[in-house]
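Input: a single structure, listed below in structure tokens.
Throughout, read-outs are computed from the coordinates displayed, never taken from laboratory work. Just so you know, these numbers come straight off a predicted model, no measurement behind them. Here Cβ is always computed from backbone atoms with ideal geometry, including for glycine, and neighbour counts include all displayed protein chains.
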Amino acid sequence: MRSLIQRACLVTLVATAIFQNACQTVDSAAPARASMNAAIRAEAPGNYFIGRRMYKSDYKMWGWVREPCKPWTTAQLVMFNEQAKLAPDREAGKLGADNNYEYRLSGRFSGDTVYEPASDKFYPEFVLNGYELINTKPTGIYITNRQEDPDIRIIMAPVH
């Protein structure tokens, strides 16, 4: 009886070890994020911003804006003031077609906030003066790719 219990315990331990090793996840995006973070650190300082479009069909904010050389975790979710320059998708007449695109932006934070009714929140106002498309398929900055889906009503801050 004792040997039967010992064998059962041994089988349980082996199965647990195999199961735990099988459940380990490999972060396949880690090299791309490391490359992205190195590129961010190498950006030239200057009087510009980097923007990541976050189109959500139910919301009206534009996306995330950060200073050069700073990580996406420092970015702010903004509302554009388009009196001087229309947002890229609006200028092209294709609202949301640039979802998750990355831009070099010229402009400034006005210091004001703008109310967005669908989220019931206030966001910083960014006065857009110009833009240059940097990348149409940039490395992910969110914890889940579901954040990039325009029809899913989640708003998560960048984590990378």
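Tell me, please, whether a residue that is aliphatic (A, V, I, L, M) and under 16 Å from Y48 (Cα atoms) can be found in the stretch 136-157.
The answer is no, given that none of the residues of the stretch 136-157 is aliphatic (A, V, I, L, M) and under 16 Å from Y48 (Cα atoms).
Take A87 and decide whether it is of a type in the set (G, A, S) and in contact with a strand residue (DSSP E or B) (Cβ under 9 Å, 6 or more places away or on another chain). Considered against the rule, which asks whether it is of a type in the set (G, A, S) and in contact with a strand residue (DSSP E or B) (Cβ under 9 Å, 6 or more places away or on another chain), A87 comes out as yes. Where strands (runs of 3 or more DSSP E) fall entirely within the stretch 36-137, those with at least 3 residues that are in contact (Cβ under 8 Å) with a residue 24 or more places away in the chain and surrounded by 14 or more Cβ atoms within 10 Å (Cβ to Cβ) are at 49-53, 76-81, 102-116, 121-135. Against the criterion of being within 22 Å of A44 (Cβ to Cβ) and out of contact with any Ser or Thr (no Cβ under 9 Å at 6 or more places or on another chain), L128 does not qualify.
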